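Okay, structure first, notes after.
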Amino acid sequence: MVKITYLGHSAFLLEGSKRVLLDPWIEGNPQSPITLDQCGGADVYIVTHAHGDHGLEDAIKLAKRQGGTIVSIYEIALEASSRGAKDTVGANIGSFFDVNGVKIVLTMATHSSPIGAPTGAIVELDGKRIYHAGDTGVFYDMKLIGKLYKPDLALLPIGGHFVMGPLEAAKAVELLGVKKVIPMHYGTFPVLKGKPNEFVSLLKEKGLEVDVIVLKPGESYEL
Ligand code: ZN
């Protein structure tokens, strides 16, 4: 079993035999239910890209204080290392690699990044596969991600403007063929207008049988 806790925006904590923090933007995140001091660190921190709302800063701070390995695209991992994070793994969009007992694949994302390039990530923990799409628009190769990695759960942005809105995210669900989805990256700022209820009705219109799990920051789901 993997417990997934939403920390607001695109930040999630996965807890199983290991702790994994995904895009751990905590300080300055208006949705975060915890402070950095309450966070407790992780075995693995995955940072999908270097925009400020995806937690590179906090991953570096947490790794320095609590240990754990920062995983990101090569250039971002180098940056974390140059800023004092002792343990980093730089990778690229490719195939599974193992970090402290967690299997990870970085995947493509259609977005931008001030350092390196943006990614999503497939995370395999205790036999469960979770796809965190990072910040992205919809792209047809999500079909390939679904076919190759068969995620048990997808974490998809729905806020629009900088990322997919409900329309695109509903298409993403169709392409991925995934049966469980947690929406993210909405409501944090006024411009992120997409709402979970629009997303759910678009999925219904498509006739897709999908379990949409809407978590408030601080709430958890057990997979
Ligand atoms: Zn971004």
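Can you list which of the GluC sites (Glu not before Pro) found in segment 120-216 are DSSP loop residues with at most 12 other C-beta atoms within 10 Å?
Here the sparse-neighbourhood loop sites are E209.
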Rounded to whole Å, give me the distance from the Cα center of segment 1-36 to that of segment 141-220.
18
When we measure straight from the Cα of K3, which lysines land under 20 angstrom away, once same-chain ones fewer than 8 places off are left out?
K18, K103, K128, K150, K179, K180, K216
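Among T110, T136, which comes first, then next, by fewest other beta-carbon atoms within 10 Å?
Result, fewest neighbours first: T110, T136.
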Y149: net charge of surrounding residues, Cβ under 9 Å, Lys/Arg +1, Asp/Glu -1, itself excluded?
+2
Within 10 Å, at most 15 other Cβ atoms, and a DSSP state outside H, G, I, E, B define an exposed site. Report the longest part of the chain free of exposed chymotrypsin sites (Phe, Trp or Tyr not before Pro).
1-95
per DSSP, antiparallel bridges as share of beta bridges in segment 3-222, % nearest 5, sits at 55
Going from the fewest other Cβ atoms within 10 Å to the most, one would list T188, T48 as T188, T48
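Out of the DSSP beta bridges found with both residues in segment 99-223, what percent are antiparallel (nearest 5)?
55
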In units of 2.2 N^0.38 Å, what is the alpha-carbon radius of gyration of segment 3-222?
0.92
Report, in degrees rounded to the nearest 10, the 0 to 90 angle that the Cα long axis of helix 56-66 makes with the longest principal axis of the chain.
50
Mind sorting M1, M164, M142, M108 by how few other Cβ atoms lie within 10 Å of their own Cβ, fewest first?
M1, M108, M142, M164
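Any read-out appearing in this document is the output of simple, stated calculations on the displayed coordinates, not a laboratory observation. Everything quoted here is computed from the prediction, not taken from an experiment. Cβ: placed from backbone, ideal geometry, glycine included. Neighbour counts: every protein chain shown.
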